[in-house]
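Reviewing the structure listed below.
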Amino acid sequence: METYIVRQPILDRSKQVIAYEILYKEDESSLFQQRDSRVANAIEEFLTELSSESFLGGKAAFLTFTPNLLMKNIPKMFSPDRLVIQIEDNSIIHPVAQKMIYRYKKQGYKLAIRDFEFSPRYFSIMDAVDYVKVNFGRVGNGLLSESSLKNVVDIAHSFGKQVVAYQVNSPAARDLAQELSCEFTQGTCVAEQTASKVHRVDHMQSNFFQLMVAVARDEPDVEEITQIISRDVALAFSLMKLVNSAYFALRNRAKSIQQALVILGIGQLKQWIYLLSFKQESGGTSEELIKTSFLRATFCQELAKHIESLPISSAEAYMLGMFSTLDQLMELPLDMVLAELPVAQEIKEALLTKEGKCGYLYQLVLCYESADWGQMTHYAELLGLPMNIITQIYFDSVESVNAIWSTLLKPGQAETEQAAEALEQEMSSK
C-alpha cells in the first residue's frame, strides 16, 4: 500500500506564501474511513517525515485529520506554531473527535474547517475554529452560484473567522475570492498569479552574488558554477539562449547547462556575468515561482532515472521541469518563449503538447503537484514507473531544494565586493 503526499502553497493577499496544505492519499483504502486504523498507522509513519523543517521550509502546515488521527494524538507530532488542524464533517459529527478538537484548541493549536455549511452542527464548533476553508473550484460551472459562496464567506466573517478560498483554479474563481475579501487563497490560478508583476526574466540577486564569487576564484569550479546556475531558471534560460545563438554557430547545440559552460569557456563566462551585473535590481521575480521551477526540475530529473527508454537524459529532464514556468516568468505564450530556446525537440513537445513519454513525465509531475492521484497513477503506469518510489523521490526533491534555498543568503558584503572588483578589473584589462 502506497501513500502519496504533496504540499500546496497558501497565499495571503500580498501573494506571499504563509503556509502549505499537506495533501495525502492511500491508494488501496480511503483515508476518510473513520475506523481504518491501518490507514491511520500509515499516515502516522509519513507524518514523522513531514514534521521536519526540511519539508515545510519553515512554514506552517494545514493538515486534514480524521477522527482516528485526532484520537491517536497525531497532531502532537507538530508544535502548535507549525500546524493548523483541518477538520471535516466526519469530525464534527463524531462526539469523541469533537472533544479532542477543543482539547487541541486549549493546547494552542489553530483549527480550520473545510467546506463550511449553513448548519447548526457547524455553528456548534465555530468558537474553536480559526479558519474557514471554502471550495471555489465550482465557480463558473453551474454547480455553485456566486451568491451562495458570498453567503458562506459573509457568515464566516460574521463569526470573526479568516477565510481560505481553495481550489482557486480559474481567473473567475480568483477574482471572486478577491471580491469577497477572502484573506487567503490556494489553487493553481493564484500560484500562477505570483508572477503577475514580472515583465522580463530577472535573476535572483542572492544566487547571482554566489555566482560572482564562484567565477572570481583563482581556479573556478565548473561543477560549482553549474549547480549555481541550475538553481535559477532565469540564469539557465539566458545561458542556453546565449550559447545556442548564432554568435557561436554551433553544429551541435548544447543540451545541458554543463555543456553550455564548457562551450562558453571561463573567459566568456566572466564577460557574460559582468554584463549581467549591470542589470541587477530588486523586485519582480516571484520567489515561490522560482522555487516551483527548481522543484519541478529536480523531481523530473530524479524520476527520469527510473524510466526506461526515455528519449531525453536526466539532465535534459531537469531542464524540462525548470523551463515549465517560463511563460509565467516572461508573461508570454510558452510556444513563443521556447522558440527562442534551442533545447531538445522532445522537451518542447512535452511542454507544449504534453504528449509522448516526456509529456507523460511532465503530466505526472503536474498531477502530483495538484494532488490528482488518479491521473498521476495513470501516467506512472504509462511510463512503467514503480509506484513505490514516487513519494520518496518527491520528499528527497523537496528537502534538497529547501536545503539549497536556505543557503541562498547574500554572501558577506566584503566577499561580494571583492569578487565584483576582481571581475571588473579583469574585464577592464581586456
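The values are calculated or read from the model by the stated rules, or taken from the named source; none is laboratory data. The shown structure was predicted, so the numbers you read here are calculated from the model rather than taken from an experiment. So basically every Cβ, Gly included, is an ideal-geometry build from the backbone, and we count neighbours across all protein chains shown.
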Write out, first by first residue and then by second, each pair whose Cβ atoms fall under 8 Å of each other, whose residues are 6+ apart or on separate chains, and whose first residue, in region 379-406, is assigned by TED's automatic domain parsing to the domain that holds PHE299 while the second is modelled with pLDDT under 90 and polar (S, T, N, Q).
THR391/THR3; VAL398/SER54; GLU399/SER52; GLU399/SER54; ASN402/SER54; ALA403/SER54
When you go through (1) at pLDDT 70 or above; (2) in the same structural domain as PHE62 (by TED's automatic domain parsing) one by one for ILE225, which number turns out not to apply?
(2)
When you check GLU219 against the structure, is it more than 26 Å from the chain's Cα centre (by Cα), under 27 Å from TRP405 (Cα atoms), modelled with pLDDT of 80 or more and not assigned by TED's automatic domain parsing to the domain that holds ILE18, yes or no?
yes
Hey, which of the helices (runs of 4 or more DSSP H) in region 352-411, taking only ones fully inside, have at least 3 residues that are among the β-branched types (Val, Ile, Thr)?
390-406
Scanning region 313-348 for residues that are part of a helix (DSSP H, G or I) and either touching a His at 6+ places or on another chain (Cβ under 7 Å) or surrounded by fewer than 16 Cβ atoms within 10 Å (Cβ to Cβ) (or both) gives ASP335, MET336, ALA339, GLN345
Which residues, counting only those in region 269-323, are over 30 Å from TYR394 (Cβ atoms) and modelled with pLDDT of 70 or more?
LEU269, LYS270, TRP272, ILE273
Members of region 133-158 that are surrounded by 14 or more Cβ atoms within 10 Å (Cβ to Cβ), modelled with pLDDT under 90 and not charged (D, E, K, R)
VAL134, ASN135, PHE136, GLY137, VAL139, GLY140, LEU144, LEU149, VAL152, VAL153, ILE155, ALA156
Determine the pairs where a residue that is at pLDDT 70 or above, located within region 238-262, has a partner that is among the small types (Gly, Ala, Ser) and surrounded by fewer than 16 Cβ atoms within 10 Å (Cβ to Cβ) with Cβ atoms under 8 Å apart, the partner being 6 or more residues away or on another chain.
LYS255/SER313; SER256/SER313
